[in-house]
Amino acid sequence: QFVPPFTEDCRTGMYPPSGPTFRGAVRWYTVDLDLPPSKRWAPLIAERKSDLVSMIQAIKDMANAFVPSGRLIELVDIALPLMADTLPSPFSEEIKGIADASGVPLGEVVLFNIFYEVFTV
Amino acid sequence: CTSVVAEDSKGNLLHGRNLDFGLFLGWDVKNKSWTISEKLKPLVVNLDFKKNNQTVFKSTNFAGYVGMLTGIKPHMFTLTMNERFSLDGGYIGILEWILGQRDGMWMSFLTRTVLEKANSYEEAKKLLAETKLLAPAYFILGGNQTGQGCIITRSRTLSIDVLEIDPKLDRWYVLETNYDHWKEPFFLDDRRTPAMRCMNQTTQTNISVSTLYDMLSTKPMLNKLTTYTTLMQVSEGKLESYIRDCPNPCMPW
């Protein structure tokens, strides 16, 4: 791994970001914690819905590549909504609010939010 | 992932991180990129969590994800988490949860709770070290006073180790990738050695947001899994993030 070009000399002068390693700046949004949990994420999701759907579709495509019958996704869509009700507040309500605002099935939004634990498999 | 908390020669704490994710989740041969990493980049957002119209904390997130991986409680502390691999992993925690044993916390819900509720570096450190988890993790925490920077190595149930910044030992930064700091990293994924070489080359005198970004822009700390880079300055309450690309040739991880 330490052979060039995979490990390069320490870069300098990279800031402020520009050039081929910089794809773009990151936009700011406000999350109003005074709103009910189910409503907090609606403004953000309204703007990023299509990107979220596209990312979740990529995970589904990969799951279907492993289990062509589609059973794995079925399991997610049937079992994980039950998991949503066991999650602590306010996360359970916030996740349901994101599913409502994006139109993504609740089980798939739950999977996205517990992916860290799932991915250790 | 690569996370680092560094103390400059004036005692200011800086916190930087590369969020790398999507390993083995589909490789796009044509574009030489990881499918999920590329799908996550358009979802990267900076969030300002407010209560009574006052900022409580700020974070860099993937839209749709309610937990926290990168955040700052302005003027108090900064927090990032890196993935830790262990056989006693999250799938055991999930199994316990399904069977009704629910005394542990989902990792990203703990980091969100710490950013929302903790009001000091010490309080955050205690919560991160002592709360039972469903999955192992590294928590990298920076404070607002000299010497306040640490890596908390967590198993699901225990705090295995806390490595602190210690100016007396000339340890002016703590850096975590995805391996226990007291062990050698996996030889095909050693991002720790080049990262430390760059930090040592920079020296404490010259460490800044700018030179931190330089280190995080150097391959293999920058790799095909890197979705974003975040830089945080606790004393200014400032968080800035940038979506990244790694032009070929570039390490896949």
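Any read-out appearing in this document is the output of simple, stated calculations on the displayed coordinates, not a laboratory observation. Keep in mind that what you see is a predicted model, and the values were worked out from it rather than measured. All Cβ positions, glycine included, derive from the backbone under ideal geometry; neighbour counts span all protein chains shown.
Structure notes:
- Shielding of A:53-61 by partner chains, average beta-carbon count, 10 Å: 4
- The alpha carbons of the range B:17-133 occupy a box of 48, 37, 21 Å along the principal axes, longest dimension given first.
- Karplus-derived 3J(HN,Hα), 6.51/-1.76/1.60, for each residue of the range B:93-106, Hz, glycine and proline x: x, 5, 4, 4, 4, 4, 7, x, 8, 10, 9, x, 10, 5
- Computed over the Cα atoms of the range A:1-50, the ratio of the radius of gyration to the Kirkwood radius (Rg/Rh) comes to 1.27.
- Phi-derived couplings, Karplus 6.51 cos²θ - 1.76 cosθ + 1.60 at θ = phi - 60°, listed residue by residue for the range B:237-243: x, 9, 10, 9, 9, 9, 7 Hz, with x used for Gly and Pro.
- Cα-centre dipole for the range A:63-121 with unit charges at Cβ (Lys and Arg positive, Asp and Glu negative), debye to 20: 160
- Scalar couplings 3J(HN,Hα) for the range B:150-161, obtained by applying the Karplus form with A = 6.51, B = -1.76, C = 1.60 to θ = phi - 60°, are 8, 10, 9, 8, 10, 8, 5, 10, 10, 8, 6, 6 Hz; x denotes Gly and Pro.
- For the range B:109-159, the fraction of alpha-carbon pairs in successive 5 Å shells from zero, as %: 5, 22, 32, 25, 13, 3, 0
- Of the GluC sites (Glu not before Pro) found in the range A:8-89, not one falls in a DSSP loop while having at most 10 other beta-carbon atoms within 10 Å.
- For the residues of B:155-163, the average number of beta carbons from a partner chain within 10 Å of their own beta carbon is 0.
- Spread over its residues, the convex hull of the C-alpha atoms of the protein assembly as shown is 131 Å³ per residue.
- Low-density loop cleavage sites - chymotrypsin sites (Phe, Trp or Tyr not before Pro) in the range B:149-198, where at most 11 other Cβ are within 10 Å (DSSP): B:W182
- Amide H partners (placed H, <5 Å) of B:G149, local residues excluded: B:G143, B:I165
- Equivalent ellipsoid dimensions for the range B:1-42 as semi-axes, Å, which come from the Cα gyration tensor, largest first: 33, 8, 8
- Remark: chain A is approximated by an ellipsoid whose semi-axes, taken from the C-alpha gyration tensor as √(5λ), come to 33, 23, 14 Å, largest first.
- Charged side chains reduced to their Cβ positions (Lys and Arg at +1, Asp and Glu at -1) give chain B a dipole of some 480 debye around its Cα centre.
- Peptide A:28-36 is shielded by partner chain Cβ atoms: per residue, an average of 6 of them sit within 10 Å of its Cβ.
- Just so you know, the Rg over Rh for the range B:96-253 is 0.97, from Cα atoms, with Rh as the Kirkwood radius.
- Ordering A:17-25, B:75-83 by mean Cβ neighbour count within 10 Å, with the highest value first, yields B:75-83, A:17-25.
- Counted by neighbouring Cβ atoms within 10 Å, the residues B:K50, B:K73, B:K10 run from fewest to most as B:K10, B:K50, B:K73.
- Remark: A:K49, B:K183, B:K238, B:K219 ranked as B:K183, B:K238, A:K49, B:K219, counting other beta-carbon atoms within 10 Å and listing the fewest first.
- In this structure, the amide hydrogen of B:W34, modeled 1.01 Å from its nitrogen in the peptide plane, lies closer than 5 angstrom to those of B:D28, counting only residues at least 5 positions away or on a different chain.
- Enclosed volume per residue, in Å³, of the convex hull spanned by Cα atoms of the range B:1-71: 121
- Here B:S159, B:S37 are placed in order of increasing Cβ neighbour count within 10 Å, fewest first, which gives B:S159, B:S37.
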